[in-house]
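The structure appears right after this line, and notes come after that.
Where a number appears in this text, it was derived from the coordinates with a stated rule and is not lab data. Values in this document were obtained by computation on a predicted structure and should not be read as measured data. Positions of Cβ are generated from backbone atoms using ideal geometry, with glycine treated the same way; all protein chains shown enter the neighbour counts.
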Amino acid sequence: ISVAVCLLVVVVLAVALPLAHRQTPDKLKATFTERCEAFKGYDCGKIWDAFTQAYVGRDPCKVPMEAYDPLIAAAPFKPACNRMMFWSKTKDVVHDFTSKRDCFITLEDTLLGSVLDGLTWCGKEGSKETFTTDCPGWTECENNPVRSFWNRASAAFADVACGDVTAMLNGSISTPFSSASIFGSIEVKRFNATMMRSLNVVLVTQKNPVANCENASLKDLQKELDGIKYTCKEVAESQIQECSSKPEKPCGACW
Ligand code: N1C
């Protein structure tokens, strides 16, 4: 009987938890607007309209990244030289750090990155509505509204990268730099050597690291950086967490 109860609890949680995070279309607009209004000096109604025109009325597998050009134009990214942070497969540790310390700016700290972080949306051919359920998944079709947004926003964020730039990569996987990731396929390709001095990789490691700075994938990364200096440092995740919880520690002393 206790096995049956356990199974029931697991099934109920597995169904209820994803649904709890799911937003209705009205809630999506409210979340977008509320997050947007935390940034002063923007017309959030205008930004919402620029957002919806990218995908409303379109087949949700036929939204190219260019569809978001007017949205990017409505809320352009400002360069934050020497403070820009990129990442791949390290979202949780990066955002734990950036939410507690004011050292770096990630895409999610900008208006567009923050308003759409964690959300799902799509349109439908012949409809003026926004949908938040039954939208294509990340890999279901390449040109889906969510993936194309992150591709376009990441490209625009990388276009303004300047000075010394940081990237947190994952040392617990065999290829910390993947050419299939947004970081590898979009951001690195948009880095501009006339604006950027260096790319400084922080390879986040756990107890049993799988990769170190000699990893072959990191050699591939270096090859893509002509004219931009490169450094790599293996840093324990615990050391980053320790710095997250010590606001008095200077950013430069974290690793
Ligand atoms: O494919 P990734 O990582 O290499 O993309 C990360 C890279 C970062 O440097 C960001 O600037 O691209 C940008 N970015 C986001 O800011 C972002 N926020 C949320 C890319 N993806 C982002 N997401 C979601 O994370 C997105 O919906 C997708 O599901 C993941 C991609 O993360 P990844 O594979 O770890």
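Which residues, taken from segment 139-166, are within 12 Å of the chain's Cα centre (by Cα) and charged (D, E, K, R)?
147, 152
Which one is nearest to residue 119 (Cα to Cα), of the residues in segment 32-47 that are surrounded by 16 or more Cβ atoms within 10 Å (Cβ to Cβ) and within 20 Å of the chain's Cα centre (by Cα)?
Looking only at segment 32-47, we keep the residues that are surrounded by 16 or more Cβ atoms within 10 Å (Cβ to Cβ), and these are 32, 35-36, 44, 47.
Still in the list and also within 20 Å of the chain's Cα centre (by Cα): 32, 35-36, 47.
Details: 32: 9, 35: 12, 36: 14, 47: 16 Å.
Out of the qualifying residues, it is 32.
Checking residue 177 against (1) out of contact with any helix residue (DSSP H, G or I) (no Cβ under 6 Å at 6 or more places or on another chain); (2) within 12 Å of the ligand (Cβ to nearest atom), which test does it fail?
With respect to (1) out of contact with any helix residue (DSSP H, G or I) (no Cβ under 6 Å at 6 or more places or on another chain); (2) within 12 Å of the ligand (Cβ to nearest atom), residue 177 is out only on (1).
Given segment 51-170, what helices (runs of 4 or more DSSP H) lie entirely inside it while holding 3 or more residues that are out of contact with any strand residue (DSSP E or B) (no Cβ under 9 Å at 6 or more places or on another chain) and surrounded by 21 or more Cβ atoms within 10 Å (Cβ to Cβ)? Before the answer, list the steps.
Numbers: elements: 69-74, 91-100, 111-116, 145-159.
Because the criterion is at least 3 residues that are out of contact with any strand residue (DSSP E or B) (no Cβ under 9 Å at 6 or more places or on another chain) and surrounded by 21 or more Cβ atoms within 10 Å (Cβ to Cβ), the helices (runs of 4 or more DSSP H) in segment 51-170 that meet it are 111-116, 145-159.
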